[in-house]
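So the structure is just underneath, and the comments pick up after that.
The values are calculated or read from the model by the stated rules, or taken from the named source; none is laboratory data. Model, not experiment: these values are computed from the prediction. Positions of Cβ are generated from backbone atoms using ideal geometry, with glycine treated the same way; all protein chains shown enter the neighbour counts. The accessibility values were calculated without ligands, DNA or RNA, using every heavy atom of the protein model including side chains. Shrake-Rupley method; radii C 1.70, N 1.55, O 1.52, S 1.80 Å.
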Amino acid sequence: MFDPTVFDNLKVVLEGAIYDLDLKGQTQIIDRSDLVDLAKLTRTYSIALANKHVEGLIELSTDAENWSGEILETGTDYPCHLFLQFYLRINDIDRDCATIKFRISQIWRAYKPKIEQQITFVYNNTEPSIFHDQISLTFNENVNESFIAEIPQLLHLILETMTALEDLVS
């Protein structure tokens, strides 16, 4: 009999919880992908959420070592990587980026993620002072099946972050 992998179990629970939030009207799912890279032997699941001015991306991935190791039963722990991104438009780089970093640090203090912001803009844009902010949250610890119990809290923090970012830009 085939047992689902840690990645599969996490993906199914995460996806179901996010679709429940979408059905309740708490967020809107705008994209989703479930990829197998045969060249690198990796799996990546991502799902994108949106509210009025902010988009969020949740990405769960596993690499060749953990994915094949679990299938071949060569070890005992097969962690996955969790990565989050948020996208929004800002007007004042110095003020807004500092405010965003401070607010996200408050919301995610229990997980202590590495927070990076990448700013882009369109050259010769007719809209003055519009910058695109891509905020990435990288976590020091990988996740495994014990993380399933934390998925509701994770989604709560994602929605709280999206609301805080929405308040910033509206």
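Ile148 meets each of the listed conditions (1) touching a residue at least 60 places away in the same chain (Cβ under 8 Å); (2) touching a Cys at 6+ places or on another chain (Cβ under 9 Å); (3) open to solvent by 50 Å² or more (accessible area, probe 1.4 Å); (4) of a type in the set (A, V, I, L, M) apart from (2). Take the conditions open to solvent by less than 90 Å² (accessible area, probe 1.4 Å), among the aromatic types (Phe, Trp, Tyr), at pLDDT 95 or above and within 17 Å of Leu159 (Cβ to Cβ) and apply them to Tyr19. Does it pass? So Tyr19 fits the description; yes.
Residues of the range 1-16 that are surrounded by 15 or more Cβ atoms within 10 Å (Cβ to Cβ) and either touching a helix residue (DSSP H, G or I) at 6+ places or on another chain (Cβ under 7 Å) or over 14 Å from Ser61 (Cα atoms) (or both): Thr5, Val6, Phe7, Asn9, Leu10, Val13, Leu14.
A single entry from Asp133, Asp96 fulfils the requirement of being farther than 21 Å from Leu35 by Cβ, in contact with a Cys (Cβ under 8 Å, 6 or more places away or on another chain) and surrounded by 15 or more Cβ atoms within 10 Å (Cβ to Cβ): Asp133. Scanning the range 83-102 for residues that are polar (S, T, N, Q) and over 30 Å from Thr44 (Cβ atoms) returns Asn91, Thr99. Return the residues of the range 105-119 that are open to solvent by 60 Å² or more (accessible area, probe 1.4 Å), of a type outside the set (Lys, Arg) and under 17 Å from Glu141 (Cβ atoms); say none if nothing qualifies. Answer for the range 105-119, where residues must be open to solvent by 60 Å² or more (accessible area, probe 1.4 Å), of a type outside the set (Lys, Arg) and under 17 Å from Glu141 (Cβ atoms): Ala110, Tyr111.
Filtering the range 27-47 to residues that are without any contact (Cβ under 8 Å) to a residue 24 or more places away in the chain and touching a strand residue (DSSP E or B) at 6+ places or on another chain (Cβ under 9 Å) leaves Gln28, Ile29, Asp31, Arg32, Ser33, Asp34, Leu35, Val36, Asp37, Thr44, Ser46.
Only a single item in (1) touching a residue at least 60 places away in the same chain (Cβ under 8 Å); (2) open to solvent by 30 Å² or more (accessible area, probe 1.4 Å); (3) over 21 Å from Leu10 (Cα atoms) is not met by Asn142, and it is number (3).
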